[in-house]
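Below is one structure, written out as structure tokens; comments come after it.
The values are calculated or read from the model by the stated rules, or taken from the named source; none is laboratory data. Small disclaimer: the values here were computed from a predicted structure and weren't measured. Ideal geometry is used to build each Cβ from the backbone, glycine not excepted, and the neighbour counts take in all protein chains shown. Ligands, DNA and RNA are excluded from the accessible area calculation, which covers all protein heavy atoms including side chains. Shrake-Rupley method; radii C 1.70, N 1.55, O 1.52, S 1.80 Å.
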Amino acid sequence: ALFVSTLILAGCASSGPTISAAQSPGIDFSRFETFNYLPRLGTDRSNGARTTLSNRLIEAMNHEMSTRGLRLSDTPDLVVDFNFHSRQGVQVRQTPNMSSSVTRSHWGRSYSVWGGYSTTVRQYQEGTLLIDIIDLESASLIGEGAAQGRQISDMTSLDQADINALVADVMAQLMP
């Protein structure tokens, strides 16, 4: 019973979002000196209005880029874009139920087993933050990072410290 409850608790524990990153083969980020953002980010409104989420992501990215020796410029080497998507998912689990009985009477004993399944359905929300880095000279995407998980299903509910940590985690893999 202790083992089973430990497994259940471990399964429920929040370990943070899954971070992934990919770079163009042979890219050397140290040759870049400046950066800026696309005029219209993927996290902006469709009419081009800058959102609070975009501003928080920009603040976090400014810090991460400056720690890597890059500076903000109107004539950048690199441009950054952000995108965020949220989706609903459904998780279905079936577990077997086994029941048995033993009957005794003066005619003898009988043993019977019958089974079935217990089904549990859970709905959940999952978010994905994408960070793209584009080389303006070659006009190509040279790096893309992602954070995905249930913890970031609603980015607007995260405070600046959470967004800073999330962007730092992505950038640690994207531009180590």
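Before we move on, is LEU41 in contact with a helix residue (DSSP H, G or I) (Cβ under 8 Å, 6 or more places away or on another chain), open to solvent by less than 80 Å² (accessible area, probe 1.4 Å), in contact (Cβ under 8 Å) with a residue 12 or more places away in the chain and within 19 Å of GLY145 (Cα to Cα)?
For LEU41, the condition - in contact with a helix residue (DSSP H, G or I) (Cβ under 8 Å, 6 or more places away or on another chain), open to solvent by less than 80 Å² (accessible area, probe 1.4 Å), in contact (Cβ under 8 Å) with a residue 12 or more places away in the chain and within 19 Å of GLY145 (Cα to Cα) - is met.
Would you confirm whether any residue within region 66-76 is at pLDDT below 90 and outside any strand (DSSP E or B)? Let's see the steps before the verdict.
From region 66-76, those at pLDDT below 90 are none; that's our starting set.
Scanning region 66-76 turns up no residue that is at pLDDT below 90 and outside any strand (DSSP E or B).
In region 64-89, how many residues are more than 20 Å from THR156 (Cα to Cα) and open to solvent by 90 Å² or more (accessible area, probe 1.4 Å)?
Number of matching residues: 4.
Taking LEU53 as the residue in question, decide whether it is within 23 Å of ASP154 (Cβ to Cβ), in contact with a Phe, Trp or Tyr (Cβ under 9 Å, 6 or more places away or on another chain), part of a loop (DSSP other than H, G, I, E, B) and aliphatic (A, V, I, L, M).
no
Does any residue of region 22-36 turn out to be closer than 19 Å to ILE142 by Cα, assigned to a strand (DSSP E or B) and within 22 Å of the chain's Cα centre (by Cα)? Even if it seems obvious, please write down each step before you answer.
Just the residues of region 22-36 that are closer than 19 Å to ILE142 by Cα, to begin with: 22-36.
So of that shortlist, the ones also assigned to a strand (DSSP E or B) come out as 22-23, 34-36.
From the residues that got through so far, the ones that are within 22 Å of the chain's Cα centre (by Cα) too are 22-23.
Yes: region 22-36 contains one or more residues that are closer than 19 Å to ILE142 by Cα, assigned to a strand (DSSP E or B) and within 22 Å of the chain's Cα centre (by Cα).
When you scan region 151-170, do you find a residue that is surrounded by 11 or more Cβ atoms within 10 Å (Cβ to Cβ), modelled with pLDDT of 90 or more, over 18 Å from the mean Cα position of the chain (by Cα) and under 29 Å from ASN36 (Cβ atoms), even just one? Give the derivation first.
Within region 151-170, the first condition is being surrounded by 11 or more Cβ atoms within 10 Å (Cβ to Cβ), and the residues that meet it are 151-155, 158, 160, 162-170.
Pick out the ones that are also modelled with pLDDT of 90 or more and you get 160, 162-170.
Add one more test, that the residue is over 18 Å from the mean Cα position of the chain (by Cα), and what stays is none.
So far as region 151-170 goes, no, none of its residues is surrounded by 11 or more Cβ atoms within 10 Å (Cβ to Cβ), modelled with pLDDT of 90 or more, over 18 Å from the mean Cα position of the chain (by Cα) and under 29 Å from ASN36 (Cβ atoms).
Find the residue count for region 137-166, including only residues that are among the hydrophobic types (A, V, I, L, M, F, W, C) and out of contact with any strand residue (DSSP E or B) (no Cβ under 7 Å at 6 or more places or on another chain).
Number satisfying all stated conditions: 5.
Can you tell me which of (1) among the aliphatic types (A, V, I, L, M); (2) at pLDDT 90 or above; (3) more than 26 Å from the chain's Cα centre (by Cα) is the one ILE142 doesn't meet?
If we test ILE142 against (1) among the aliphatic types (A, V, I, L, M); (2) at pLDDT 90 or above; (3) more than 26 Å from the chain's Cα centre (by Cα), just (3) comes out false.
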